[in-house]
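Right, one structure below, let's go through it.
The values are calculated or read from the model by the stated rules, or taken from the named source; none is laboratory data. For clarity, every value in this text was computed on a predicted model and none was experimentally measured. Glycine gets a Cβ as well: all are built from the backbone with ideal geometry, and neighbour counts include every protein chain shown. Side chains included, ligands, DNA and RNA excluded: accessible areas come from the protein's heavy atoms. Shrake-Rupley method; radii C 1.70, N 1.55, O 1.52, S 1.80 Å.
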Amino acid sequence: MTAELVRGQNHPLSTVRLEIRVSAGTPVVAAATLSDENGHAQGVEWVAHPGSPTLPGLEVSRQAAADHRLAVDLDAMPASVHRVNVLLSLPTGDGGGPVSFGSVPPPAVRVTGLDGTEVAGYTVTGLSAESAVVALELYRRQGAWKVRAVGQGYAGGLAELLTDQGLPQAQQLAAGINEAVAQGLARSVPAPPPPPRAPDGDRSRQAAASALGPDQSGSAYGAQGATGCPAGAPTGSVPTGGPTDPVPTAAVPTDPATPQPAPPPPPATGGPVDYVHPGRRNTAPPPPPPTAPPAQPGQPAPPVAGDATGWSMEERLYNQVWGMFEDLARTTAAYRSAVDFADTRMERELDQVLSDPRSRIGGQGDAAREAAQARHIQLVDQARQALERDLVQLGAESDVVEPALPPAYARWDNPVWHAYRVPMEMPMALRLGDLHLPESDPLRIPMLVRLPLERGLWIDSGGTASAEEPFTDSHELRHLALVSAVAHTARLLAVYPAGEFTVHVIDPAGSGAQALAPLVRAGVLATPPAAGAAGVADVLGRLTQRVDLVQMAVRGGVADALPPGFDTSQQLLVVNDFPHGFDDRAVNQLRYLADEGPAVGVHLMLVADREDAAGYGPLLDPLWRGLLRLTPVPDDHLADPWVGHAWTYEPALVPPGSEVLQQVLAQVAIARTKHT
């Protein structure tokens, strides 16, 4: 039975391997400090936080998120640790988030066993101006561990809290934690918004759309599978919740309750300026998704393309891809956690053997070591079998989903491009490449981002440390970066209706002429690529003026009063070799476009090596953090929004020798000509 604590109340802990689950309703930073018997942390090495998430017996999340899971193994704590303090704080510097806990729902903290069984819970109420709080403490008393609800808030934020914990470097540590959070948010693939809910009893997978940031990876999740089910349970097209589901709701990323579908939102207002995706929901409830054919006894149902909730097949496929992404993230986390637990257990057993002089030598010691190694092999084999079962089902699902994807979601080698026609409406999302993990090779998950783009793209042309194909020739890497940018640009042009997407290119030194040739020859650019300082100033000046004009029209409610012939289409600015050809004014204009442009239909694609702009120092740090970094070669730099694995990203490049890019651009050019 769960103990619901009030401030100051304590409760004994019946197990030493725990999860601390945080649900805040808004992104918060989760951290923890280890304290001695006097309640003081002895140094920064006693603090687990997003920049340094792992300590002996403790692991915290790597990002700000609305939901967290902290892994705790009290038996692994050093003997000098007498208290574990669970800290929550609001992230700083995001420009629009809440500044105090008084303006957000009270965070709830639950202490559970690894099987999800709740031991104690505490809702941190009574906060007002505080932006950081000590939520719980686990403390050692007479050889046993207990949990106490603390709820001590700090209006001075994380720095004041850490100072109260006895850390003299509190200010620097707080700044470092906030910087780590900002960098983590910049590298994370953004989770999609929640899908429409399915009717009660629907057996389709719910979309993966839970946390705003990842939980920890490689922590004590050995008892959990890919979707919150027990390890080894099949993933894929299975129910993730329902009225009779035994899975604890905290272990499932989406709300397990499945009431009738919510009514569709009101239609978009339209008008000459409307840069919000219409959603394209029907007025009637969505038809049921495809059903799988009957399965053989004892076998999982075969996967079906579109077996997810949604108001259209496109939305179902989008949600299904994200469900596969989350399943693979969580089942891999379960495998890594089980292996980590097996390693830790074997090390502990071997240490016990070596600590006993009677068993160091002779047959007794050898037998103990062999037994420990055998148990380790057994645990790892069990974990691997569970992982392989999940991978087989996910692979089968990928085999049926990939051929069914529409052009916006499909690889360039998908036959769907051979039947390409310029669409009549904007799709929900766009494929920017593929993602995979080392344990799941060759399974690839499409990397889909919502349209219109919410932030710009940065194609990194610098010294990318490729996970699979290291490049030493900087010129070749820069060329490949621009080739990748051209492929992304062509895909954007292809998925928008004719006349609703305009592309501008800045190539100050003309170094990208060869890579840009497909766009130039097809005639799909608004103007020829701008060169030289004068060309840079002209394009940036026109786009900056456009952003200002549209902002004033929208804020003033006079969008109909825009000048006659004003181009209200979405705009994309592709910049090659930044910051070459840019003066200080141009740099400031580019930053302005990156910050303000997406809301009014102006998007940025930057092809650049960050080292080339090192002379600007921290001035450009917000620019790099605000862009989604992509690479022209495979690189493991992106994180999922649930567990925080480092995924290997592979760009969506056109296969060598293929003419599909030229064919698609030719159709786009014809449609643009007819439109004008």
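For a label point 7 angstrom out from the Cα of ARG7 toward its Cβ, which stretches of the stretch 72-115 have the backbone nitrogen within less than 13 Å? Under cut-off, by backbone N: 102.
When you count the other C-beta atoms within 10 angstrom of each residue and take the mean per peptide, 442-449, 584-591, 5-12 line up highest first as 442-449, 584-591, 5-12. Note on the stretch 405-453: the alpha carbon radius of gyration divided by the globular reference 2.2 N^0.38 Å gives 1.30. Per residue, the Cα convex hull of the stretch 474-523 amounts to 70 Å³.
By the Kirkwood approach, averaging reciprocal distances over each pair of separate Cα atoms, the stretch 1-148 gets a hydrodynamic radius of 15.4 Å. Using the 1.4 Å probe convention, the accessible area of the stretch 1-63 works out to 42 Å² per residue with neighbouring protein chains retained. Scaling against 2.2 N^0.38 Å puts the C-alpha radius of gyration of the stretch 326-375 at 1.55. Evaluated at q = 0.20, 0.22, 0.24 Å⁻¹, the base-10 log of the normalised Debye intensity for the stretch 297-393, with identical point scatterers placed on the Cα atoms, takes the values -0.97, -1.05, -1.13. What's log10 of I(q)/I(0) for the stretch 295-351 at q = 0.25, 0.27 Å⁻¹, Debye sum over Cα points only, no solvent? Debye intensities relative to I(0), on a log10 scale: -0.95, -0.98. In summary, the stretch 520-676 shows an alpha-carbon radius of gyration equal to 1.21 times the 2.2 N^0.38 Å reference for compact globular proteins.
Based on the Cα coordinates of the stretch 48-120, what is the per residue volume of their convex hull in Å³?
Here the figure is 123 Å³ per residue.
The tail of the calculated P(r) for the stretch 443-601, taken as Cα-Cα distances beyond 29 Å, holds 21 percent of the pairs. Calculated on C-alpha atoms, the gyration radius of the stretch 337-443 divided by its Kirkwood radius gives an Rg/Rh of 1.35.
What is the percent of Cα-Cα separations in the stretch 524-593 that go past 19 Å? The answer is 40 percent, as a whole percent.
When each of the peptides 136-142, 70-76, 618-624, 350-356 is scored by the mean number of other C-beta atoms lying within 10 Å of its residues, the order from highest to lowest reads 70-76, 136-142, 618-624, 350-356. Please report, to two decimal places, log10 I(q)/I(0) for the stretch 413-532 at q = 0.09, 0.10, 0.21 Å⁻¹ as given by the Debye formula with identical point scatterers on the Cα atoms and no solvent. Taking Cα atoms of the stretch 413-532 as identical point scatterers yields -0.31, -0.39, -1.42.
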